[in-house]
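Below you'll find the structure, written out as structure tokens, and then a few comments.
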Amino acid sequence: MLEETKSLIRDVREQVLYLQEIGVDALGVEWKASETKQPDGNASANYPAPERTVVKESPPPDIVIPTRRAEAARADQKPAGSRMAALPSLSKRKPVERGAMIEDASVVISASKEMNAETPANDSAIDMETAISNESIESIRAEIGECTRCTLCAGRTQVVHSTGNYNAELMFIGEAPGADEDIKGEPFVGRAGQLLTKIIEAIGIKREEVFIGNINRCRPPGNRQPLPEEASVCRPYLLREVAVIKPKVIVVLGAHAAHNLLEVKTPISKLRGQFHDYFGTKVMPTFHPAYLLRDPHKKKEVWDDMKMVRDLLRTM
Ligand code: URA
């Protein structure tokens with residue numbers, strides 16, 4: 001009982017801190033021990049065309065902070081296993097054991113080679129396996145070099161490589177650099193990036209502890225979404241980084257990143273809220289922080305997703 005109460009207090013405290021961090025403190029927050037209002041999950045089914053332009057944040061919505069009991073009640077209503085869904089297209093794949101060595105990592109790459117017949121990572125499987133055995137984040141960066149493999153190179157200031165902790169248990173994957181990232185040469189350093197930092201900190205993790213990358217490493221003109229051919233040229237490098245880092249959990253930010261990692265076209269609003277499988281690694285899709293800046297109503301859902309990530313990491 002005492003432990004339960006302590007845990008409840010800890011949870012509530014974390015939730016309040018998170019809500020304050022992301023700007024919803026004392027702004028229509030309604031404290032009550034009833035069911036949580038569910039924002040309409042379908043209202044913006046897909047992460048809309050990603051303008052990463054900064055939009056003035058509108059007043060946050062009323063958010064009822066859920067109690068543990070309300071959450072438990074909701075969980076009880078869910079069919080067993082509904083919190084861990086493997087997508088049909090992924091369930092057939094050979095899982096990669098965490099900590100597994102070169103052979104397993106090459107499975108990831110071989111699969112991505114099949115998906116992207118014309119990618120720069122399209123040498124023979126044997127070459128790839130040899131290459132990957134010596135692979136490191138640095139060697140991948142060196143191979144990318146001053147990349148001109150797609151037309152995005154024309155408009156970029158610099159290639160924006162993934163950054164963070166090479167021993168990270170948690171990895172975040174976004175879409176492509178925006179203007180701030182293009183100038184600084186680091187992913188997620190603009191306004192959306194600052195919100196991402198708060199979201200990470202809200203689950204008790206420092207930004208320096210995680211690894212952060214994008215599907216594309218060059219800023220698309222006008223911050224448009226990368227085209228499929230641009231994504232498929234760049235994505236293999238990120239997948240190779242996933243194989244090097246071997247995170248326990250990956251959070252994919254927004255529909256574009258989720259679709260590119262999980263190879264589905266399901267709207268992000270349907271993908272989020274449950275874990276998916278990427279070769280044995282748990283993947284939580286959630287809304288992109290740039291989208292949260294435009295629609296703060298979705299912060300509650302991101303918080304729910306991040307709590308699931310936090311709780312899963314605690315058990316691993
Ligand atoms: N949006 C992204 O998807 N990635 C970044 O690095 C910045 C904004």
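The values are calculated or read from the model by the stated rules, or taken from the named source; none is laboratory data. Note that the structure is a prediction, hence the values are computed from the model and not measured. No Cβ is skipped: glycine too gets one built from the backbone with ideal geometry, and neighbour counts run over all protein chains shown.
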Meets criteria (of a type in the set (D, E, K, R) and within 18 Å of M171 (Cβ to Cβ)) for K282: yes
Selected residue [surrounded by fewer than 21 Cβ atoms within 10 Å (Cβ to Cβ) and either at positive phi or at pLDDT below 95 (or both)] from E208, E263: E263
Criterion (modelled with pLDDT of 95 or more and under 21 Å from V244 (Cβ atoms)) met by exactly one of E129, E186: E186
Qualifying residue in the stretch 162-184 (condition: assigned to a loop (DSSP other than H, G, I, E, B), aliphatic (A, V, I, L, M), closer than 21 Å to G145 by Cα and within 12 Å of the ligand (Cβ to nearest atom)): yes
Count of the stretch 132-161 residues which are among the small types (G, A, S), assigned to a helix (DSSP H, G or I) and either in contact with a His (Cβ under 6 Å, 6 or more places away or on another chain) or modelled with pLDDT of 95 or more (or both): 4
Test: residue in the stretch 217-228 that is modelled with pLDDT under 95, surrounded by fewer than 21 Cβ atoms within 10 Å (Cβ to Cβ) and not β-branched (V, I, T): yes
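Every residue, every condition in (1) over 26 Å from N165 (Cβ atoms); (2) small (G, A, S), yes or no:
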position: E230; (1), (2): yes, no
position: L238; (1), (2): no, no
position: K246; (1), (2): no, no
position: V252; (1), (2): no, no
position: A258; (1), (2): no, yes
position: P267; (1), (2): yes, no
position: T281; (1), (2): no, no
position: L292; (1), (2): no, no
Count of the stretch 285-316 residues which are within 18 Å of M171 (Cβ to Cβ), surrounded by 23 or more Cβ atoms within 10 Å (Cβ to Cβ) and among the basic types (K, R): 0
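Assess whether S139 counts as being in contact with a Phe, Trp or Tyr (Cβ under 7 Å, 6 or more places away or on another chain) and more than 9 Å from the ligand (Cβ to nearest atom).
Here the answer is no, as S139 does not meet what is asked.
Residues checked against (1) touching a Pro at 6+ places or on another chain (Cβ under 8 Å); (2) surrounded by 17 or more Cβ atoms within 10 Å (Cβ to Cβ):
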{"residue": "S136", "(1), (2)": "no, no"}
{"residue": "I140", "(1), (2)": "no, yes"}
{"residue": "R149", "(1), (2)": "yes, no"}
{"residue": "S162", "(1), (2)": "yes, yes"}
{"residue": "G174", "(1), (2)": "yes, yes"}
{"residue": "G178", "(1), (2)": "no, yes"}
{"residue": "G185", "(1), (2)": "no, no"}
